[in-house]
Every structure is written in C-alpha cells, then in structure tokens.
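Bear in mind that the values in this text are calculations on the coordinates, not laboratory data. The structure presented is a predicted model; accordingly, all values stated were derived computationally and were not measured. Reconstructed Cβ throughout: ideal geometry from the backbone, glycine too, with neighbour counts over all protein chains shown.
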C-alpha cells in the first residue's frame, strides 16, 4: 500500500489535475455503476457520461486550491465548502442526471423541487464531518482523493436519486 501511495504521490507531483481527473473518473464510474445496478438500469453511456461530466473534471482540485489561496482555517473552509460549493455540485448532478435520463432538461425543475433540498440536507450529514476531517487532518495534496473516496458512497446515493427508475424514460 505504501508503494501505491508513493507512485500516486509522484503522479500528483507531475500532473496533479490529470491524475485527479483519472482517479476521480474511475471512482465515480464504479459508484455510478453500483447505483445503476441498484436501480436495475445499467447503461454504459450514462456511466461514462455522468462520470466524465460530473465526477471526473478536477473541480475539487481547483476549489481546494482557491480555499488554500484564501488562507482561511479548516472551519471556515468547511463552511464555504458547504454553503457555496456543495449546492453547486448537487445542482450540477441534477442537471446532468436530468439530461442523461431523457436527452433534455424538461424534468429538471420537477426533480430539483422534489429532491434537491432533501439531497442537500442529507449531504450535510456526510459532508460537514468529511469536510472538517479533510481540511483539518488531510494534507492538501491528498484532499481530492479523500473527498473522492467519500464521494464514492455519496455518488451512489445521489445517482440513485437523480437517475432513479421512476425518472428514467424508456430507452
């Protein structure tokens, strides 16, 4: 395990955004696959599309860099993360999920009204402690990976909500 961490650390030093993109893509792809298995709606197109657009872009890489440049403490970083960043990422998941469900955004408003606040509140139960741990104890170069590991479980939940069988149109 130490050798794997060392190789990953070297890759982060050479190409941080690309390394995080690739790692996040695969973690997200597996979690989306699991959520689709739960919903009995497996679609390789949706797995790849969702993972490439929602999960994989190194959004968190740049967000964490911004927070570091702001030089705020761990509690302030967590509050900013929950008040600014988390609602945006949840809403983005709903936008992409709605589009992947039927090729349009016609159900986006309904999906947001029905599930956004519930998802955001449920997310606070996970993301507040995860963010505090991340900003207090995890070295900055490992923060995205830590969040990605938490995201693995969150994505299963969120994909199940945003791409549930009742919302999927017939393929």
Query raised in the report: Between the helical axis of 86-102 and the dominant principal axis of the chain, each derived from Cα atoms, what acute angle in degrees is found, rounded to the nearest 10?
Result: 40
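Using a 10 Å cut-off around each Cβ, can you sort 155, 148, 40 from fewest to most neighbouring Cβ atoms?
On the way: 155 25, 148 22, 40 7.
Neighbour counts put them in this order, fewest first: 40, 148, 155.
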Query - Neighbour-count order for 8, 21, 137, fewest beta carbons within 10 angstrom listed first - result: 137, 8, 21
Query raised in the report: Using the alpha-carbon centroid of each, what span in Å lies between the stretch 133-155 and the stretch 55-132?
Result: 14
Report summary line: Rounded to one decimal in nm, the spacing of the 7 Å Cα→Cβ label points at residue 138 and residue 14 is 2.4
Query raised in the report: Using Cα atoms only, what is the angle between the long axis of helix 59-70 and the major principal axis of the chain, expressed in degrees (0 to 90) to the nearest 10?
Result: 40
Report task. Using only the Cα atoms of the stretch 2-167, build the gyration tensor, take square roots of its eigenvalues as a ≥ b ≥ c, and label the shape rounded, prolate or oblate: rounded if a/c is under 1.5, else prolate if a/b is larger than b/c, else oblate. Result -> oblate
Report task. Sort 88, 133 so the one with the fewest other Cβ atoms within 10 Å of its own Cβ comes first. Result -> 88, 133
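When the helix-only estimate is applied to the chain (DSSP H runs of n ≥ 4, each -39,500 (n - 2.57), divided by the residue count), what is the mean residue ellipticity at 222 nm, nearest 500 deg cm²/dmol?
Values: 8 runs with 130 residues, N = 171.
Value at 222 nm, helices only, nearest 500: -25500 deg cm²/dmol.
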Report summary line: Relative to the chain, whose Cα atoms define the longest principal axis, helix 2-14 and its Cα axis are tilted in degrees, nearest 10, by 90
